[in-house]
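Q: Below are the structure tokens for one structure; questions will follow.
The values are calculated or read from the model by the stated rules, or taken from the named source; none is laboratory data. Source: prediction; values computed, not measured. Here the Cβ is made from the backbone with ideal geometry for all residues, glycine too, and neighbour counts use every protein chain on show. Side chains are part of the model used for accessible areas, which takes the heavy atoms of the whole protein and leaves out ligands, DNA and RNA. Shrake-Rupley method; radii C 1.70, N 1.55, O 1.52, S 1.80 Å.
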Amino acid sequence: MFGFVGAVIGIATITGPLVGGLIIRNDLTGGSWRWIFLVNLPIGIAALIAATRLITESHAPMRTRLDIGGVVLATAGILLLVYPLVEGQVAGWPAWTFICMGISPVMLALFILYERSLHRRDSARAALAVPHQVVRVGVAISAVFIAAFPRSSSPSA
């Protein structure tokens, strides 16, 4: 699975900027750069058609319940990280932004501990994150791969 994801990420990394540059340079529709957003439409339609033909219905061997605790911990951990990063600069980086970002890793660590314990003890409740070594390594490799690409700075409004 991660091999397929890696291949798709690699192809997208190469073809995305090339196709985007061609669309903007050639301006076939006269809509300037705005047409670039319509590229996703045929790709999405093709993906839906392929999914209906290739993906079959699956059923869990036993009915599971929603992991409310995991949802709350994951949401809190991510929100405590992302919200200060989004709003911090506008607000002038007040103390609450750093406090929130400092609490975020604690919440995410609690999420991981909770999910591990839930996976071991409660088979009726589906854990949001099942701890598998292959998945951990794959996510780490993907994160390093994505982080290695330089990001262009967007012009300020």
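Q: From Leu48, Leu79, which residue is within 30 Å of Arg121 (Cα to Cα), modelled with pLDDT of 90 or more and hydrophobic (A, V, I, L, M, F, W, C)?
A: None of the others qualify; the one that does is Leu79.
Q: Separate question: Do we have Ile9 as under 24 Å from Val139 (Cα atoms), out of contact with any Leu (no Cβ under 8 Å at 6 or more places or on another chain) and modelled with pLDDT under 80 here?
A: yes
Q: Please go through segment 82-120 and pick out each residue that is in contact with a Pro (Cβ under 8 Å, 6 or more places away or on another chain), at pLDDT 95 or above and open to solvent by 50 Å² or more (accessible area, probe 1.4 Å).
A: Selection gives Trp96, Phe98.
Q: Name the residues in segment 82-109 that are outside any helix (DSSP H, G or I) and either closer than 29 Å to Arg121 by Cα or not hydrophobic (A, V, I, L, M, F, W, C) (or both), would you?
A: Gly92, Pro94
Q: Still on this structure, please answer the following. Which residues, taken from segment 54-73, are part of a loop (DSSP other than H, G, I, E, B) and either within 20 Å of Ser104 (Cβ to Cβ) or among the aromatic types (Phe, Trp, Tyr) (or both)?
A: Hit for segment 54-73 is Asp67, nothing else.
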